[in-house]
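Every read-out reported here was derived from the displayed coordinates using simple, explicitly stated rules and does not represent laboratory data. Just so we're clear, the structure is a prediction, and the values are computed from it rather than from any experiment. Note that we place each Cβ from the backbone using ideal geometry, even for glycine, and neighbour counts take in every protein chain shown.
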Amino acid sequence: MSDRLKTRIGNLELSGPLLNASGCGGTGRELAQFFELSRLGAFVTTSVMSQPRAGRPTPRAAEAPAGLLTAMGLPGPGIEGFLERDLPWLAEQDVPLIVSIAGNTAEEFAELARRLRAVPGVAAIEVNTACPNVEDRGRMFAWHPGAAASVVGAVRAAARPGVPVLAKLAPDVTDITTVALACADAGADGLTLINTVEGMAIDPATLRPALTGVSGGLSGPAIRPIAVRCVYQVHAALPDLPIIGVGGIATGLDALEFVLAGASAVAVGTTLFHDPTAAPRILRELEEALSARRMRLADAVGLAHRPAGYVPPQVRPEPQAVQAPLDAAVADPGEAKERLP
């Protein structure tokens, strides 16, 4: 991967900025059928909980205009199954591993972080705050700055020192910046913005909600403007805190939009469901977009916040491509004339 694409999330250095969104890469084995996971800057697991879960009954997914509605219920093998079956395989894939965790209490989150503390190969922990808080009438941690901060603080205290803790936030709040500031104060090393947007669909054939969970999370291109707005606002308030931008990314220019808003990395989600080969293409398109602007990714992060007239640092074009035919022209003018365009 080109040095132009290197980035950092806390003290975690990534060879490239493109990740998969949690829940959109399965165990990793599914995506590995289509491209090597090492093409990603990091692989993000589906959210792991303390106990195995079957998730909600079907139907738990429904198509929406320019997106997808899901109410999966966080199905998974639980921490024991993850450590026994999924983690050993992922550890062999030559890609940094970000483990997403979810729970119903701050202590459950902390216990998961403790279980991962001694596990080698965990590059970072992503805290899925879009979980119901059983101690607060089931309202999501992400809806309240104090609740989100309590979870992040508990994970930070329990996690291995030096392993970045990332807070994944939901957009369904009055002011996402306030929640982000609370998480940063609680010890978050970075943020993932955004989780899905709450939505609903009714099936005109059955005259009932299309999902058994009634409402669900809307993802896909429909939410990209919301996600870009959240990244822009939070980066303006916390310019030194790394952000992973998520929400409707389908092309390299989509990814660049998030970077310009303030994201140091981006994650592709819903696009992988209909095009599991998309990640390498999006990465290539992003690199081409940066190359056309003679920029490194690091110089593009937050560029949209710069005043009008600001000129970013530019990478000089590689001299070798031009120098080779010129050297040939000196050695043999006739031969070089045939090869020059």
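Using R0 = 25 Å, the C-beta based FRET efficiency linking Tyr310 and Leu253 works out to 0.75. When only the Cβ of Lys, Arg, Asp and Glu is charged (+1, +1, -1, -1), the dipole of the stretch 51-205 relative to its Cα centre reaches about 220 debye.
With the charge dipole of the stretch 140-262 set up from +1 on Lys and Arg Cβ and -1 on Asp and Glu Cβ about the Cα centre, the Cα lying farthest toward the positive end among the listed residues Pro209, Ala154, Ala184 is that of Ala154.
Just how large is the dipole of the chain about the Cα centre, in debye to the nearest 20, putting +1 at every Lys and Arg Cβ and -1 at every Asp and Glu Cβ?
On the way: 29 positive and 35 negative charges, 75 e Å.
Here the size comes out at about 360 debye.
Just to confirm a number: summing +1 for Lys and Arg and -1 for Asp and Glu over residues other than Ser22 whose beta-carbon lies under 11 angstrom from that of Ser22, what do you get? Numbers along the way, then the final one.
Details: positive: Lys168; negative: Glu126.
Taking every other residue near Ser22 into account, the sum is 0.
For the chain, the residue among Ile249, Pro225, Asn104 whose Cα projects farthest onto the positive side of the dipole built from Cβ charges is Asn104. Of the residues Val48, Val95, Val151, the one that moves most in a GNM of the chain with alpha-carbon contacts below 10 Å is Val95. For the stretch 3-305, the antiparallel share of DSSP beta bridges with both residues in that region comes to about 40%. Model label points for Asp3 and Thr212, set 7 angstrom from Cα along the Cα-to-Cβ axis, are 5.4 nm apart. Extending 7 Å from the Cα toward the beta-carbon at both Thr178 and Asp203 defines two label points whose distance is 3.9 nm.
Kirkwood Rh, Cα Rg: Rg to Rh for the chain?
Details: Rg = 21.8 Å, Rh = 21.0 Å.
My calculation of the ratio gives 1.04.
Kirkwood Rh and Cα-based Rg: tell me the resulting Rg over Rh for the stretch 30-167, rounded to two decimals. Numbers along the way, then the final one.
On the way: Rg = 15.5 Å, Rh = 15.9 Å.
Result for the stretch 30-167 is an Rg/Rh of 0.98.
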